[in-house]
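Here it is, the structure in full.
The values are calculated or read from the model by the stated rules, or taken from the named source; none is laboratory data. Bear in mind that the values here come from a model prediction, so they are computed numbers and not experimental data. Cβ atoms come from the backbone with ideal geometry, glycine included; neighbour counts cover every protein chain shown. Calculation scope for accessible area: heavy atoms of the full protein, side chains included, ligands and nucleic acids excluded. Shrake-Rupley method; radii C 1.70, N 1.55, O 1.52, S 1.80 Å.
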Amino acid sequence: MWKGAVAMVIVGVVLVWLQYPRAVSRQEYLDHIKDKVVVVCGASSGIGEQLAYKLGEQGAQVMLVARTQSKLEKVKEGAIAAGAKRVEIFPYDFSNVEESGSVIDRAVEVFGKIDYLVLNHAAMVSGFVSSNARHQETAFIKRMYNINTFSFFELTFKALPYLEKSGGHIIATSSMAGETPTSFSNIYTSTKHAVNGFFYSLQQELIARKSSVGITIGALGFIQTDDLTAVLGDDGIEIFPAFARGDVRECAKGMMNSLIVRPRTFTYPWTSNKMQRLLWFINPYYHEMINGQLPLEKAEELLKNFKERAQERDFQKGNF
């Protein structure tokens, strides 16, 4: 019995590491990124900001979308300095789902086409839903789903006809929270489970239809962006071991490469997230052991500090 279990684990580990993303050549960047039109949502900070710079380095045409115009202007300057062929900005709050299709309309109006759509915007919130009255409010939950989930759907529906024409690709930024449960971000986790369910299903639908459009789901773990680092503080960051902390620039490069390689899933940080996925497969209760290592009192203290720092910075990850 135990020999069979060990063999299954070994085979699983080998299969996981065989999926390690391959390198991308200079010629592939020229063929697939240079002059291409890329709509990046959630582009004013963090991963989206760094992705804009990476795309700029390869001579792409980029439309940057997020809430705050002043921050978008700063990223635009950086992308142009990096070498982008053309950069436009479009300030938009994705809590307004009904009008979110205007993002795609504007991109087509300006550039005449869309080659790639990157859905990177998100609202992140932490706290125990069972003891937080605000997190139980229908209006609060709806706003979270509007930003993290429904706007992803709406933008995809609107962009698909244009992506069919260009043989384009979609990156839907999700999270490992969309694959395994967490005890301190219930609503956020549920939105990412919904994103995974929708986009993996749509991915298979497009394959069955032999569509020219591809989809990559970003299974991201802890990415150490400037904003998230400032909000978490040293005490919060220490929860994550060094190998589980993702570099934001490396993550952005991996996302850009995914537009070329078109994997079904982009996993980052690679080692920690693959381990998490494998452990979840072997033992669906492993997360209870992980959660049990952090005393409730310590968790509540960290969440309190997180909330205070977030309020100081008007923090809403990827959707500034």
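Where Rh denotes the Kirkwood radius from the mean inverse Cα pair distance, what is Rg over Rh for segment 33-73?
0.96
Give the calculated FRET efficiency between Val110 and Arg22 to the nearest 0.05, with a Förster radius of 45 Å applied to their Cβ-Cβ distance.
0.85
So if R0 is 30 Å, what FRET efficiency would Lys34 and Gln69 give, r being the distance between their Cβ atoms, rounded to the nearest 0.05?
Step by step, r from the Cβ atoms, then E = 0.60.
Quick check for you: with a 1.4 Å probe and neighbouring chains kept, what is the accessible area per residue of segment 155-214, in Å²?
Spelled out: the 1.4 Å probe surface of segment 155-214, per residue, equals 39 Å².
List the residues of segment 165-203 whose backbone N lies under 17 Å from a point placed 7 Å from the Cα of Ile282 along the Cα-to-Cβ direction.
none
While we're here: Give me the accessible area per residue for segment 24-83, probe 1.4 Å, as a whole number in Å².
Accessible area per residue: 37 Å².
Using a 1.4 Å probe and counting only protein heavy atoms, arrange Lys74, Lys165 so the residue with the most accessible area comes first.
Ranking Lys74, Lys165 by accessible area, largest first, yields Lys165, Lys74.
If I stretch the segment between Ala208 and Arg86 completely, what's the gain in nm (0.36 nm per residue apart, minus their alpha carbon distance), one decimal?
So the extension gain works out to 40.4 nm.
For segment 61-71, just list the computed ³J(HN,Hα) in residue order, Karplus coefficients 6.51, -1.76 and 1.60, θ = phi - 60°, integers in Hz, with x standing in for Gly and Pro.
Each residue's phi maps through the Karplus curve to give 9, 10, 10, 9, 10, 5, 6, 9, 4, 4, 6 Hz.
Still on this model: What percentage of the solvent-accessible surface of segment 151-231, computed with a 1.4 Å probe over protein heavy atoms, is contributed by carbon and sulfur atoms?
Answer for segment 151-231 is 56 percent, counting heavy atoms of protein chains only.
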